[in-house]
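Peer 1: Next up is a structure, given as structure tokens.
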Amino acid sequence: MIRILLSVIFLVSFHAAAAVPSNKTTVIYFGQAKAEEFDSKIKPLFDDKAGCKNCELVNYTPYTKEGELDTAALQERIDSLPSSTSFVFFDFNLKSNEQTKPLIEAINKRADLGLVVVGSAGVPKENEASGPLSKTMLGQVRGALIIGELGERDRLIPTGFYGPEMLTALRPPKDMIGQGHSPLIFAANLADKWSKRSPQEWSEHFRTKKMKTRKIWLDLGDLF
């Protein structure tokens, strides 16, 4: 009888411990930068701006044999996100077309289940003209937190995608102007504060902030 009781206590304790959520914040990264650039520039910048020992930026970008972003494999990566994922960060944006439609649908399926999607407003490819966010991949993701970047005189970069789908545009540190790192800095700040709210609460928090402000662009101090 005592053995049975001890076994029950052990099992209950084990399952209780297993049910305790991890305090680690795991941000899944998708970008156009090569793997070596992620390791040497992007991850160090994230770590510096997050200032969080329990925050981790994981590069989940699929690459071609040439080391470039494999856009055809992105949908599979979205469908196989690690269970530890806190939120995802797209460090680029694409114009929507027939090729990106399945990817947009895959992201929206995860977003509808509560996944928070953060992304860069982005810029078009060299041979493409700028256009509204509503006609881009991230602009068609429901509830996506899209971040733009401000250049000199606090104006949007003229070549970037634009539109009301953008949560805000941030002015990066002076030594980073024009490098497109503002969305990454936003993601780092969100990771640092992530444990303070649930995913749904964060989404509602940002929507409310944007709705109530009279500012053209909310800064990090306004958002966090």
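Peer 1: Are there DSSP H segments in the chain that both extend 15 Å or more along their axis (alpha-carbon positions) and score a mean Kyte-Doolittle hydropathy of at least 0.0? List them, or say none.
Peer 2: Correct list, ordered by number: 2-19, 182-193.
Peer 1: Grab the beta carbon distance between residue 174 and residue 205, set R0 = 30 Å, and tell me the FRET efficiency rounded to 0.05.
Peer 2: So the FRET efficiency works out to roughly 0.55.
Peer 1: Quick one: check the C-alpha center-to-center distance for region 112-156 versus region 210-224, whole angstrom.
Peer 2: So the two Cα centres are separated by 17 Å.
Peer 1: Less than 26 Å apart at the alpha-carbon level, and either on another chain or at least 8 residues along: which lysines does that give for residue 101?
Peer 2: Partners found: 34, 65, 109, 125, 135.
Peer 1: What number comes out for the charge environment of residue 211, summing +1 per Lys or Arg and -1 per Asp or Glu over other residues with Cβ under 15 Å away?
Peer 2: Details: positive: 207, 209, 210, 212, 214, 215; negative: 165, 204, 222.
Residues near residue 211 contribute +3 overall.
Peer 1: Grab the beta carbon distance between residue 109 and residue 155, set R0 = 25 Å, and tell me the FRET efficiency rounded to 0.05.
Peer 2: FRET efficiency, residue 109 to residue 155: 0.10.
Peer 1: Here's something else I'd like to know. Can you show me the helix-derived [θ] at 222 nm for the chain, built from DSSP H runs with n ≥ 4 at -39,500 (n - 2.57) apiece and divided by the number of residues, rounded to the nearest 500.
Peer 2: After summing the helix terms and dividing by residue count, I get -10000 deg cm²/dmol.
Peer 1: Ranking request for peptides 91-104, 72-85: highest mean number of other beta-carbon atoms within 10 Å first, then the rest in descending order. Can you show the working numbers first?
Peer 2: Working: 91-104: 16.9, 72-85: 13.6.
Output ranking for 91-104, 72-85: 91-104, 72-85.
Peer 1: Residue by residue, what Karplus-based ³J(HN,Hα) values in Hz, rounded to whole numbers, does region 63-79 have, using 6.51, -1.76 and 1.60 with θ = phi - 60° and x for Gly and Pro?
Peer 2: These are the phi-based 3J(HN,Hα) values: 10, 7, 4, 7, x, 9, 4, 9, 5, 5, 9, 4, 4, 4, 5, 5, 5 Hz.
Peer 1: Once the piece of chain linking residue 85 and residue 37 is laid out straight, how much longer is it, given 0.36 nm per residue of separation minus the C-alpha distance between them? Write down the numbers at each step before the final one.
Peer 2: Details: separation 48, 0.36 × 48 = 17.28 nm, distance 2.22 nm.
Here the segment from residue 85 to residue 37 would lengthen by 15.1 nm.
Peer 1: Give me the percent of DSSP beta bridges within the chain that run antiparallel, rounded to the nearest 5.
Peer 2: 10 percent
Peer 1: Have a look at the chain and give its Rg and Dmax from the Cα atoms, expressed in angstrom.
Peer 2: In order Rg, Dmax, the Cα atoms of the chain give 19.5, 77 Å.
Peer 1: Check which residues have an amide H placed less than 5 Å from residue 169's amide H, if you skip close sequence neighbours.
Peer 2: Result for residue 169 returns 148, 218.
Read-outs throughout are calculated quantities, based only on the coordinates presented, and are distinct from any laboratory measurement. Everything numeric here is computed off the predicted structure, so don't read it as measured data. Positions of Cβ are generated from backbone atoms using ideal geometry, with glycine treated the same way; all protein chains shown enter the neighbour counts.
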